[in-house]
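Scroll down for the structure; my scribbles are underneath it.
What follows is calculated from the coordinates using simple rules that are stated; it is not laboratory data. Since this is a predicted model, take the numbers as computed values, not measurements. Using ideal geometry, Cβ is built from the backbone for each residue, glycine included, and neighbour counts are taken over all protein chains shown.
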Amino acid sequence: MKAGAELFSALALFLLIGAVFTQRSSVRTKKPTRRPVTTRKPSVPKPAEPAQPEPQEPTDFPPPILGPPSIYPDCPRECVCSPSYPNALNCENHNIRVIPAIPSRTHYLYLQNNYISEVTAESFLNATEIRWVNLANNRIHRIDKNVFEKIPALLYLYAQRNNLKEVPAGLPASLEQLRLGRNRISKIPAGAFNKMRNLTLLDLYHNQLSDSDLGKNTFKDLKSLMQLNLAHNVLKKMPAGVPNTLIQLFLDRNRIDDVPKGYFEGFTHLAFVRLNYNQLSDKGLPKSVFNITTLLDLQLAHNQLASVPLFNGHLEHLHLNHNTIENINGTQICPYSLQADQSDLSVVPRLRYLRLDGNHLSPPIPLDVIMCFRHLHSIVI
């Protein structure tokens with residue numbers, strides 16, 4: 001019995017030693033495999049492609065925006081027809097390329113802020129009662145003269161911010177306001193404003209008009225004109241033949257260097273004159289050229305003036321900032337004698353605002369200026 005137990009223990013020990021030996025022999029140290037060293041070619045950077053310039057105009061226009069269903073069967077889908085304003089057709093900001101057929105009931109037509117390139121008569125065949133057309137901020141380069149034959153009662157035409165190169169031909173005599181600012185107009189055809197006796201506002205701001213484009217007869221038929229805006233063109237001279245009915249004359253940002261003597265004679269209502277950002281000097285201003293009894297606001301900023309020009313006692317606002325003025329003499333520029341009776345305020349000069357900053361002046365304000373202009377509320381120096 002004891003011999004059997006010892007035999008069993010010996011057998012178990014033998015098997016255990018065999019198992020350990022087998023496990024150790026199966027574990028082998030793997031040598032790391034090395035890849036053959038290869039010589040890599042240095043990477044050569046590709047030459048940068050030249051940047052393509054951005055197109056000046058969008059190559060793909062956004063799709064037209066269709067308006068909601070309307071109770072009016074003649075309402076174009078590209079527009080909005082409100083029951084509250086049955087005579088108005090609202091087509092602005094709808095990405096329109098071509099003007100749709102205009103309903104005959106339309107008096108007010110809004111087409112601004114679209115992609116319209118030309119205006120033809122076909123769209124206005126039935127729209128003979130139109131009074132107001134707004135074509136601002138499109139891409140219009142041509143307006144067919146036959147358009148205005150279809151709308152002979154037109155009162156207001158707004159076509160600023162387009163690509164027109166000349167004033168449209170065939171404008172109706174009924175017009176009261178014509179806005180053509182911010183185009184590329186360099187030509188006013190002969191007779192463009194013929195028989196337009198009702199026109200009160202003509203805006204040609206920010207175009208390319210020169211002296212040769214404004215003949216002495218260009219404005220001769222504008223017997224009711226009250227505001228003329230020729231600012232931001234390339235004029236070197238004061239425009240000829242300007243109607244004496246004007247109240248506002250704007251000539252800022254041109255190249256004007258003189259005002260002819262007696263230029264403003266005959267003007268009976270002129271109240272606002274703006275000649276900022278020109279090339280005016282003392283030599284180019286006759287002594288009393290601005291002695292106009294109706295003038296209320298005179299702006300001569302950003303010029304080359306070395307002295308304060310004479311002006312009338314009715315003037316209320318005078319802008320002379322950013323010139324070359326070195327001194328100001330109240331006795332010389334005062335529109336009336338300092339020895340006169342100052343108790344009567346009705347004869348005291350009415351100047352209330354005087355701007356002189358940007359010159360070669362320094363405080364204090366001369367006493368004779370204060371004594372003369374007793375209505376002054378603000379003076380900038």
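Applying a DSSP loop filter and a limit of 12 other Cβ atoms within 10 Å to the chymotrypsin sites (Phe, Trp or Tyr not before Pro) in the range 156-221 leaves nothing. Each residue of the range 169-180 was assigned a 3J(HN,Hα) from its phi angle through the Karplus expression (A = 6.51, B = -1.76, C = 1.60, θ = phi - 60°), giving 8, x, 4, x, 5, 6, 4, 10, 9, 9, 10, 10 Hz with x at Gly and Pro. Rounded to 0.05, the FRET efficiency of the residue 381 and residue 93 pair, given R0 = 35 Å and the Cβ-Cβ distance, is 0.15. Computed from the C-beta positions of residue 365 and residue 263, the FRET efficiency with R₀ = 35 Å rounds to 0.65. Remark: spin-label model distance residue 84-residue 146 equals 3.8 nm, labels positioned 7 Å along the Cα→Cβ axis. Electrostatic bookkeeping for residue 176 treats Lys and Arg as +1 and Asp and Glu as -1; over the other residues with beta carbon under 13 Å from its beta carbon, the sum is +3. Between residue 210 and residue 194, full extension at 0.36 nm per residue minus the direct alpha carbon distance yields a gain of 3.7 nm.
Remark on the range 111-182: Rg and Dmax equal 11.0, 30 Å (Cα only).
When the range 81-232 is described by a simple charge dipole with +1 on each Lys and Arg Cβ and -1 on each Asp and Glu Cβ, the residue from 214, 119, 196 located farthest towards its positive end is 214. Mean sequence separation of contacting Cα pairs (under 8 Å, at least six apart), scaled by the length of the range 74-144, corresponds to a relative contact order of 29 percent.
With the simple model of a label 7 Å out from the Cα in the direction of the Cβ, residue 237 to residue 117 spans 3.9 nm. A Förster radius of 51 Å, combined with the Cβ-Cβ distance separating residue 104 from residue 287, puts the computed FRET efficiency at roughly 0.30.
Projecting label points 7 angstrom from Cα along Cα→Cβ for residue 169 and residue 224 puts them 2.6 nm apart. Relative intensity of the range 74-144 on a log10 scale, I(q)/I(0) at q = 0.28 Å⁻¹, equals -1.49, per a Debye sum over C-alpha point scatterers of equal strength in the absence of solvent. Ranking 75, 137, 89 by Cα position along the charge dipole of the range 74-144, where only Lys, Arg, Asp and Glu carry charges on their C-beta atoms, puts 137 farthest toward the positive end.
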